[in-house]
Amino acid sequence: MAFFKNIPYELVLGWRYTRAGRATRRNGFISFISGVSMLGIALGVAALIIVLSVMNGFQKEVRDRMLGVVSHIEVYAADGAAVADLPALLSRLKAHPQVVGAAPFVTAQALLARGEDMKGVLVRGIDPALEPEVSDLSNDTQAGVLQRLQPGAFGLVLGRDLASNLGVLTGDPVTLVSPSGQVTPAGVVPRMKQMGVVGTFSSGHYEYDSALALMHVDDAARMFRLEGPSGVRLKLRDLHLAREVARDLQLALGAPFFVRDWTQQNRTWFAAVQVEKRMMFIILTLIVAVAAFNLVSTLVMTVTDKRADIAILRTLGASPRSIMGIFVVQGATVGVIGTLSGLLLGLLVAFNIDVIVPALETLFNASFLPRDIYLISRMPSEPLPSDILPVTLISLVLAFVATLYPSWRASQVNPAEALRYE
């Protein structure tokens, strides 16, 4: 009992006003108007955490799948020609402490034809023995598919969706048309080569599964009239250091080479995601602000309802500062409980969204993420402290700011005017 006697009466009265309004006199029940404000804050905070977590997960999922196909860093010969001394270049690149894998490649645009169907494809010549060092394709494809690419055989490994669009299966012939044609008296004639499909792969990224064709690096060099690989792909220990490592390699290799990291290859996409994330943060923060400023009307109604109580407290010696503290405590209590409830709800949904979304898709017989539009087919989520902490702090600050004006009005109540008609 001694403990409760030492609690400031501002805290006791503020908590009592939060728990029971005129509409409800039972102790232990939250008044309706305070409950609505609390629910609004909780839903706003939860929505903000869930949306930001889904956007983080989407960005990470697409990035990881993208980097399973593209490399962390690519080194090209600056003039577009073949790399002159490949073994020496590989040795210099692998000497960097961040480089864990290196593999030569050839890349070019071409057309792939099957009967009347024709698709534009990105052809990548790879070394099947070294490719697992720089990409994750070997983990996702059938065992030994990349090893079927033998020099001189002119075989192709197609993306799963590309093969499906062309209607080809393993073993079917296709025609590869190179834009770097031959000059004849009749003009430039595209070079064509009939090849066999030796397998398919699935990276989980629709953009690459629908447009990428792999072939042996030696065959690609012959097809596109190069004397060897046009560059080297690198894999790093830490992909987040790609920009710094690329800058170091560019300085070390000099002008004959051009170094490009993965952030440059997909700069537009990542920039668009960041802009979208900022806009969603601003929009949903406004929702939290609207819910928080519902506290203004809540406290104004409470002050009007408690004018007689305020007047009695003033006549008993309570200072305006103490009266203001009572209503600040009431508003802050609603804000804290609402914020914490929204935080728990948001984290609960964010960490279980991989279960919730499939259940909703089954219930409504719908697909929320078509693969050909959103690149991935499942809803990812990655709650980050760097997002959750600002959301929580902003909600608490808004709730506290919303209490200041009604609390100040309560402190200005004139006891004589308030008790005149009581």
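Could you please find all residues in the stretch 57-95 being touching an Asp or Glu at 6+ places or on another chain (Cβ under 7 Å) and buried (at least 16 other Cβ atoms within 10 Å of the Cβ)? Write out each step before concluding.
Of the residues in the stretch 57-95, the ones touching an Asp or Glu at 6+ places or on another chain (Cβ under 7 Å) are 57, 60, 68, 72-73, 82.
Result: 57, 68, 72, 73, 82.
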Open item on the list: For residue 280, only one of the following conditions fails: (1) surrounded by fewer than 17 Cβ atoms within 10 Å (Cβ to Cβ); (2) more than 16 Å from the chain's Cα centre (by Cα). What is its number?
Closed with: (2)
TODO: Check whether at least one residue in the stretch 182-204 is touching a helix residue (DSSP H, G or I) at 6+ places or on another chain (Cβ under 8 Å), under 21 Å from residue 128 (Cα atoms) and at pLDDT below 80, and report yes or no.
DONE: yes
TODO: Report yes if residue 35 is in contact with an Asp or Glu (Cβ under 8 Å, 6 or more places away or on another chain) and either modelled with pLDDT under 80 or part of a loop (DSSP other than H, G, I, E, B) (or both), otherwise no.
DONE: no
- [ ] Go over the candidates 257, 281 one by one and state the one that is closer than 21 Å to residue 44 by Cα and of a type in the set (Phe, Trp, Tyr).
- [x] 281
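Can you tell which of 163, 110, 129 is of a type in the set (A, V, I, L, M, F, W, C), surrounded by fewer than 16 Cβ atoms within 10 Å (Cβ to Cβ) and within 21 Å of residue 223 (Cβ to Cβ)?
Details: 163 fails: surrounded by fewer than 16 Cβ atoms within 10 Å (Cβ to Cβ); 110 fails: surrounded by fewer than 16 Cβ atoms within 10 Å (Cβ to Cβ).
Sole residue among the options that is of a type in the set (A, V, I, L, M, F, W, C), surrounded by fewer than 16 Cβ atoms within 10 Å (Cβ to Cβ) and within 21 Å of residue 223 (Cβ to Cβ): 129.
Going residue by residue through the stretch 211-227, is there one that turns out to be on the phi > 0 side of the Ramachandran plot and open to solvent by less than 20 Å² (accessible area, probe 1.4 Å)?
First, the residues of the stretch 211-227 that are on the phi > 0 side of the Ramachandran plot: 225.
Checking which are open to solvent by less than 20 Å² (accessible area, probe 1.4 Å) leaves us with none.
No, every residue in the stretch 211-227 fails to be on the phi > 0 side of the Ramachandran plot and open to solvent by less than 20 Å² (accessible area, probe 1.4 Å).
The values are calculated or read from the model by the stated rules, or taken from the named source; none is laboratory data. What you see is a predicted model; the values in this text were computed from it and never measured. So basically every Cβ, Gly included, is an ideal-geometry build from the backbone, and we count neighbours across all protein chains shown. With ligands, DNA and RNA removed, areas are computed over all heavy atoms of the protein, side chains included. Shrake-Rupley method; radii C 1.70, N 1.55, O 1.52, S 1.80 Å.
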